[in-house]
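For reference, the structure is listed below as structure tokens.
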Amino acid sequence: MQTTPILHIIPFLSGQAFQPETIEAMGIAYENVCKSLKLVDGSGLLNELIARNIVELATSGERDPERLCTSVLATYKPATG
């Protein structure tokens, strides 16, 4: 049974309070980043770093799942040229 992406973000909220819509946006962004990087199992250090990056961006005020995803992918995907 597959877990929802929101569940992967919750452990990294560090007691911070977010609106339900923001948590959903973070979950969507996490899922999209993992799909893009072909991380299918949802565990491991890279998954944790991705989740922490998304929470950090949301803490800074970003609420759009697409922008969250793009910002995190910019960190982990090599530049193509």
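The values are calculated or read from the model by the stated rules, or taken from the named source; none is laboratory data. Please read these numbers as outputs of a predicted model, since none were measured by experiment. Every residue, glycine as well, gets a Cβ built from its backbone with ideal geometry; the counts of neighbours run over all protein chains shown. All accessible areas refer to the heavy atoms of the entire protein, side chains included, with ligands and DNA or RNA removed. Shrake-Rupley method; radii C 1.70, N 1.55, O 1.52, S 1.80 Å.
Would you be able to tell me the number of residues in the range 50-66 that are touching a residue at least 24 places away in the same chain (Cβ under 8 Å), in a helix (DSSP H, G or I) and open to solvent by 60 Å² or more (accessible area, probe 1.4 Å)?
Qualifying residue count for the region: 3.
Filtering the range 26-49 down to residues that are hydroxyl-bearing (Ser, Thr, Tyr) and closer than 14 Å to CYS69 by Cβ, which residue is least open to solvent (accessible area, probe 1.4 Å)?
At the first step, the residues of the range 26-49 found to be hydroxyl-bearing (Ser, Thr, Tyr) are 30, 36, 43.
If we keep only those that are closer than 14 Å to CYS69 by Cβ as well, we get 30, 36.
Details: TYR30: 10, SER36: 39 Å².
Once the filter is applied, the top-ranked residue is TYR30.
What number of residues in the range 44-81 are among the hydroxyl-bearing types (Ser, Thr, Tyr) and modelled with pLDDT of 90 or more?
If we filter the range 44-81 for residues that are among the hydroxyl-bearing types (Ser, Thr, Tyr), which is where we start, we get 59-60, 70-71, 75-76, 80.
Subset that is modelled with pLDDT of 90 or more: 59-60, 70-71.
Within the range 44-81, residues that are among the hydroxyl-bearing types (Ser, Thr, Tyr) and modelled with pLDDT of 90 or more number 4.
Any residue at all in the range 25-43 that is at pLDDT 90 or above, assigned to a helix (DSSP H, G or I) and over 9 Å from the mean Cα position of the chain (by Cα)?
Yes - at least one qualifying residue is present in the range 25-43.
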